[in-house]
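J.: Could you have a look at this structure, given as structure tokens, before my questions?
The values are calculated or read from the model by the stated rules, or taken from the named source; none is laboratory data. Because the structure is a prediction, the values reported are computed rather than measured. Cβ atoms come from the backbone with ideal geometry, glycine included; neighbour counts cover every protein chain shown. Accessible surface is based on the protein model in full, side chains and every heavy atom, while ligands, DNA and RNA are left aside. Shrake-Rupley method; radii C 1.70, N 1.55, O 1.52, S 1.80 Å.
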Amino acid sequence: MSVLLPAVRDRLRAAGEVTFEVPDPDAGLGRYAGEATAHGTHRPWSTWTDLADLLDAHLLTPDRAGEGGSA
């Protein structure tokens, strides 16, 4: 997250909106934050809401981006 936070902050400042894909937090039941999965690094929903809060931003309702991902 130490890399993600500044990158998202910079993009948010530049464009006013940031869109990205992450592994589906719902598919990570029983996993710990930061655990590697077949679809990428698992992060629970609370991570993404905390990120939005730190950036004084809004987390929009995600769309499924295919097997194992959310956008």
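J.: Given (1) aliphatic (A, V, I, L, M); (2) open to solvent by 50 Å² or more (accessible area, probe 1.4 Å); (3) not in a helix (DSSP H, G or I), where does residue 18 come up short, assuming only one miss?
T.: (2)
J.: Then there is this: Quick one: in region 39-71, which of the residues that are in contact (Cβ under 8 Å) with a residue 24 or more places away in the chain and in a helix (DSSP H, G or I) is farthest from the chain's Cα centre (by Cα)?
T.: 54
J.: Okay, moving on. What tally of residues in region 41-71 results from selecting those that are surrounded by 13 or more Cβ atoms within 10 Å (Cβ to Cβ) and under 19 Å from residue 6 (Cβ atoms)?
T.: The number of residues fulfilling the criteria is 10.
J.: Among the residues of region 22-38, which ones are over 20 Å from residue 63 (Cβ atoms), among the small types (Gly, Ala, Ser) and either free of Cβ contacts under 8 Å to residues at least 24 places away in the same chain or open to solvent by less than 30 Å² (accessible area, probe 1.4 Å) (or both)?
T.: Matches in region 22-38: 30, 33, 34, 36.
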